[in-house]
Amino acid sequence: MRICLIRGSGVEQEEVDSVFHAMRARQVDAVELRRDAKAGTVADLLKATDVILTLGGDGTFLAGARVAAPRDIPVLGVNHGHLGFLTEIEAHEMSMGLSRFFDGSYRIEERTMLQVTLSRKGRSMVQEIGLNEVVVDHSGETHILRLEIDVGGQRVGVIDADGAIVATASGSTAYALASGGPILEPTLQDLLLVPMSPFALTVRPIVFAPGQEISLTVVRGPGEMRVDGQGRGQEVAIGDVVSCGSHAKRLKVIRFSPPESFYRRLSEKLGWGRPLVPK
């Protein structure tokens, strides 16, 4: 068995060394994959990998998800960050979590991944995948975008807004939630469209059924596109089309908690359902 470790910037080397020591004690091969590794290195390291262990916050987990999902490799997230909404266990629980994993005392939860393609004049310019969302928003001197929305080849409408978010159910509790979108249970395969500060108050979020492809055509721009909040945005020009659909493979997440723990996580991490005035 091989475990591949991806760590966030705030994780110390001694913590990584302790994981490697625990792996060697169980005669398990362990390697570290840097988040900025080249594609060839990623392919070589993950060729014989059985599980990806992320040490960090939600950003590190998202990075692990993008390389794990296409290869059907399950991911176990260990929170070393502040929120850790996506991760399964906290840093002090890592030893327990690894023991439960090796004992087979876990379940696999599948999450929909987003497949995003940026096309220009009929040519595919960029292809990316993400677990949470793709954001298309204004850039430079552009104060407002005009986007034409199509779903499954059907024209939905044209909106004037700061931008738009297309999110998975996992991403519904991230940027989409901050922009006024609804919360979806994370195992749902629906996609969510959330306009960002739309000019018309009647333009509201929409949830689309599984299997639909959502296309955003830039009518007034320019703008920028980001998948899972990664680095610098990709420039999108007038006439460009951002197509969003479900990736062919779903992410496999290692869980020790029962499915209904999602609601407890909403309360503990996001404060949902807590009364504003104490009892």
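Summed over the range 66-116, the residues that are touching a Gly at 6+ places or on another chain (Cβ under 8 Å) and not basic (Lys, Arg) give a count of 19. Residues that are assigned to a loop (DSSP other than H, G, I, E, B), closer than 30 Å to Met96 by Cα and not small (Gly, Ala, Ser) do occur in the range 241-251, at least one of them. Of all residue pairs spaced 6 or more apart or on separate chains, those with beta-carbon atoms under 7 Å, a first member in the range 175-204 that is over 23 Å from Arg250 (Cα atoms) and a second member that is of a type in the set (Asp, Glu) and assigned to a loop (DSSP other than H, G, I, E, B) are Met196/Asp162; Ser197/Asp162. Residue count for the range 92-133 satisfying the condition of being over 24 Å from the mean Cα position of the chain (by Cα) and either in contact (Cβ under 8 Å) with a residue 40 or more places away in the chain or farther than 22 Å from Pro258 by Cα (or both): 8. Can you confirm whether the range 239-257 contains a residue that is open to solvent by 50 Å² or more (accessible area, probe 1.4 Å) and at pLDDT below 95? No, the conditions are met nowhere in the range 239-257. All of (1) part of a loop (DSSP other than H, G, I, E, B); (2) hydroxyl-bearing (Ser, Thr, Tyr); (3) more than 30 Å from Met94 (Cα to Cα) hold for Ser257 with one exception: (3).
The values are calculated or read from the model by the stated rules, or taken from the named source; none is laboratory data. This one's a predicted model, so the numbers in the text were calculated from it and none came from an experiment. In this analysis, Cβ positions are derived from the backbone assuming ideal geometry, glycine residues included, and neighbour counts consider all displayed protein chains. Ligands, DNA and RNA are excluded from the accessible area calculation, which covers all protein heavy atoms including side chains. Shrake-Rupley method; radii C 1.70, N 1.55, O 1.52, S 1.80 Å.
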